[in-house]
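Notes follow once the structure below has been shown.
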Amino acid sequence: MSRLHVIHENPAWIGAFTDAFDARHVPWTEWLIDHGKVDYAAIPPEGVFYNRMSASSHTRDHRYAPELTLALLHWLERHGRRVINGTSALDLEISKARQYARLERAGIRVPRTIVVTGKEDVLNASKTFFDAGQPVILKPNRGGKGLGVQLFNTYAGLSSYLNGPTYEQPVDGIQLLQEYIKAPEPYITRAEFVGGRFLYAVRVDTSEGFELCPAEACEIGDAFCPTTATPRPKFEIIDDIDANLKESYERFLSENGIEISGIEFIVGQDGKIRTYDVNTNTNYNPTAEAVAGRSATLAVADFLGGLVREYYPLAS
Ligand SMILES: Nc1ncnc2c1ncn2[C@@H]1O[C@H](COP(=O)(O)OP(=O)(O)O)[C@@H](O)[C@H]1O
Ligand SMILES: [Mg+2]
């Protein structure tokens, strides 16, 4: 039957969408692709396909789900199916290096980054930062949820981490060494886009660390930051961002076939904005949304439901 197919590998992130699709009467089904097969000789089902494959799937034991999904998306696109966040979106989801090249191509400033593989080369490349008296961020090229993102102030500290028991090789073998953007206040902003258009932004308090997944299923303890004198929520919706930045982001998304996305940026002490993460399977924070009276999941349901009706007027 013609309907919306949601391609994903993490059932914990689907609940909010289930409610929204049902509330908006969007006929839908899941395509759980934590593992499985794609028969290239078959014809794909009719429908509109929404890809939510995540860069962090390997942390849920789904190491090859992105690769399998890429094959699935190519097959769907080859058969002319309407795919939201298709092959080009997934290509960027699983590589921050490719994100940065595409962001810069769209005129968007990114943090200074060195792409490197192997511990020895990571250590050698880190001297570019340490020799200039700068700390460095180490992060996996294929990231997600802030896992493996660490700040180092010294070469010795980086070396002992790389050679210590907690170090994990990045899943695609590629590390990024990155300029640390020290914000005057400890927060980052994540701008949410639905249908390629800006919806709202979330200000995220970073004083407790780098693991910032906004999904309810990822929430660790209290959503409020206990370290500030006047507690403010960890996730807080703000209605707007810089108009030029918004326009650049919308152009970047359109150039790269991304329709639903959360893009993260930091404003540094020099007042300049640097963009460092593009999420194509974005999750939304229900606590912040309740306070602001907004619902991105409903906006997604409206957008996708509209597409199903456009492509399949008789679907129900
Ligand atoms: N270059 C940087 N300077 C300062 N903080 C950073 C930088 N890169 C990442 N962070 C912090 O670490 C968090 C996770 O990094 P991110 O690149 O978004 O990885 P992930 O894809 O795992 O979410 C960010 O939200 C931010 O708080
Ligand atoms: Mg991030």
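Against the test of being within 13 Å of ligand 1 (Cβ to nearest atom) and without any contact (Cβ under 8 Å) to a residue 24 or more places away in the chain, the options Ser160, Ser207 yield a single qualifying residue, Ser207. Set side by side, the residues Gly173, Gly195 differ, and just one is more than 10 Å from ligand 1 (Cβ to nearest atom), small (Gly, Ala, Ser) and under 20 Å from Ala55 (Cβ atoms), which is Gly173. Among the residues making up the stretch 279-300, those that are open to solvent by less than 50 Å² (accessible area, probe 1.4 Å), more than 19 Å from Ala89 (Cβ to Cβ) and small (Gly, Ala, Ser) are Ala288, Ala292, Ser295. Where strands (runs of 3 or more DSSP E) fall wholly inside the stretch 65-180, no range has 3 or more residues that are open to solvent by 20 Å² or more (accessible area, probe 1.4 Å), among the aliphatic types (A, V, I, L, M) and touching a helix residue (DSSP H, G or I) at 6+ places or on another chain (Cβ under 8 Å).
Is there a residue in the stretch 209-231 that is closer than 23 Å to Ala20 by Cβ, in contact with a strand residue (DSSP E or B) (Cβ under 9 Å, 6 or more places away or on another chain) and modelled with pLDDT of 95 or more?
Let us first name the residues in the stretch 209-231 that are closer than 23 Å to Ala20 by Cβ, namely 212-219, 223.
Remaining after also requiring in contact with a strand residue (DSSP E or B) (Cβ under 9 Å, 6 or more places away or on another chain): 212, 214, 223.
Adding the requirement that they be modelled with pLDDT of 95 or more leaves none.
Looking through the stretch 209-231, none of the residues is closer than 23 Å to Ala20 by Cβ, in contact with a strand residue (DSSP E or B) (Cβ under 9 Å, 6 or more places away or on another chain) and modelled with pLDDT of 95 or more.
When we screen Ile94, Ile137 for residues that are of a type in the set (A, V, I, L, M), touching a residue at least 12 places away in the same chain (Cβ under 8 Å), out of contact with any strand residue (DSSP E or B) (no Cβ under 7 Å at 6 or more places or on another chain) and closer than 26 Å to Glu208 by Cα, the only hit is Ile94.
Can you find a residue in the stretch 292-306 that is away from ligand 1 (no atom under 16 Å from the Cβ) and farther than 22 Å from Ile84 by Cβ? Break it down into steps so the answer makes sense when it comes.
In the first step, residues of the stretch 292-306 are kept if they are away from ligand 1 (no atom under 16 Å from the Cβ); the result is 292-306.
Subset that is farther than 22 Å from Ile84 by Cβ: 292-293.
The answer is yes, given that some residue of the stretch 292-306 is away from ligand 1 (no atom under 16 Å from the Cβ) and farther than 22 Å from Ile84 by Cβ.
If you go through the stretch 243-262 and pick out every residue that is on the phi > 0 side of the Ramachandran plot and in a helix (DSSP H, G or I), you end up with 0. Taking the criterion of being out of contact with any Asp or Glu (no Cβ under 9 Å at 6 or more places or on another chain), assigned to a helix (DSSP H, G or I), modelled with pLDDT of 95 or more and crowded, with 19+ Cβ neighbours inside 10 Å, the only residue of the stretch 2-43 that qualifies is Phe21.
Residues that are in contact (Cβ under 8 Å) with a residue 12 or more places away in the chain, open to solvent by less than 20 Å² (accessible area, probe 1.4 Å), under 17 Å from Ile181 (Cα atoms) and assigned by TED's automatic domain parsing to the domain that holds Gly195: does the stretch 249-260 have at least one? Before you say what the answer is, go through the steps one by one.
We begin by selecting, within the stretch 249-260, every residue in contact (Cβ under 8 Å) with a residue 12 or more places away in the chain; these are 249-260.
From what's left, open to solvent by less than 20 Å² (accessible area, probe 1.4 Å): 249, 252-253, 256, 258, 260.
Add one more test, that the residue is under 17 Å from Ile181 (Cα atoms), and what stays is none.
There is no residue in the stretch 249-260 that is in contact (Cβ under 8 Å) with a residue 12 or more places away in the chain, open to solvent by less than 20 Å² (accessible area, probe 1.4 Å), under 17 Å from Ile181 (Cα atoms) and assigned by TED's automatic domain parsing to the domain that holds Gly195.
The values are calculated or read from the model by the stated rules, or taken from the named source; none is laboratory data. Just so we're clear, the structure is a prediction, and the values are computed from it rather than from any experiment. Positions of Cβ are generated from backbone atoms using ideal geometry, with glycine treated the same way; all protein chains shown enter the neighbour counts. Just the protein is used for accessible areas: all its heavy atoms, side chains included, with ligands, DNA and RNA removed. Shrake-Rupley method; radii C 1.70, N 1.55, O 1.52, S 1.80 Å.
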